[in-house]
Structures are given as structure tokens and as C-alpha cells.
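The values are calculated or read from the model by the stated rules, or taken from the named source; none is laboratory data. Keep in mind that what you see is a predicted model, and the values were worked out from it rather than measured. With ideal geometry, Cβ positions are generated from the backbone for all residues, glycine too; neighbour counts draw on all protein chains shown.
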Amino acid sequence: MKRTIAAITILFIFASVGAATNKEVKLPVSINKDGTLNRPPHYLQWVNVGTTLLPKGTVNIIDNLPIPNDEYIDTYVEPQSFAI
């Protein structure tokens, strides 16, 4: 579950950086009252475009703190974007 949220977060960060260079785009992100992220529709059909291993002690780009354990980050894109 943590990896899924981390992957979606990383995906939105990269999408935001790419959008900032061209034009301002609002991403359809919604969060539940309990603080969990609503997953996009049909997210199970998304394509994995890469997996990264972050070794223990690597600085986390979200909060600038070292991570306590090794972490895998999977990056996914929706099928239509991957086909382009």
C-alpha cells in the first residue's frame, strides 16, 4: 500500500514538473476524509514504466529525511499516455 501511494505521489510530482514547463494543468487528485488518496479509475490497467530501489539512508525527496529502510518505488502511467 505504501509503495502504491509513493508511486502515485511520484507520478504526480513528475506530471507537475512537466506541466509547469508548458502550461498550468490541474491534476484530478482527491483525498478522503481519513487522509487516504482516492485511486484513479482503472488504475489496475496502468503500465509500469520503471521501478527504482532507494537504499536505506537515501534522502526522501518529499520530506528531506533519510529513509529508515530500503524502498522500492514503482512508477505507473495510464495506458493512453504510454501509447503516445
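Please go through the stretch 38-64 and give me each residue that is among the hydrophobic types (A, V, I, L, M, F, W, C) and modelled with pLDDT of 85 or more, ordered by number.
Passing the criteria: Leu44, Trp46, Val47, Val49, Leu53, Leu54, Val59.
So the check is Cβ under 7 Å with 6+ separation or different chains; which pairs have a first residue in the stretch 45-63 that's closer than 19 Å to Ser81 by Cβ and a second one that's among the acidic types (Asp, Glu)?
Listed pairs, sorted by first residue: Trp46/Glu78; Asn48/Asp74; Thr51/Asp74.
Which of the residues that make up the stretch 35-65 are surrounded by fewer than 10 Cβ atoms within 10 Å (Cβ to Cβ) and part of a strand (DSSP E or B)?
Once the filter is applied, which keeps residues that are surrounded by fewer than 10 Cβ atoms within 10 Å (Cβ to Cβ) and part of a strand (DSSP E or B), the stretch 35-65 yields only Leu53.
Which ones in the stretch 66-84 are within 17 Å of Tyr43 (Cβ to Cβ) and part of a strand (DSSP E or B)?
Selection gives Ile73, Asp74, Thr75, Tyr76, Val77.
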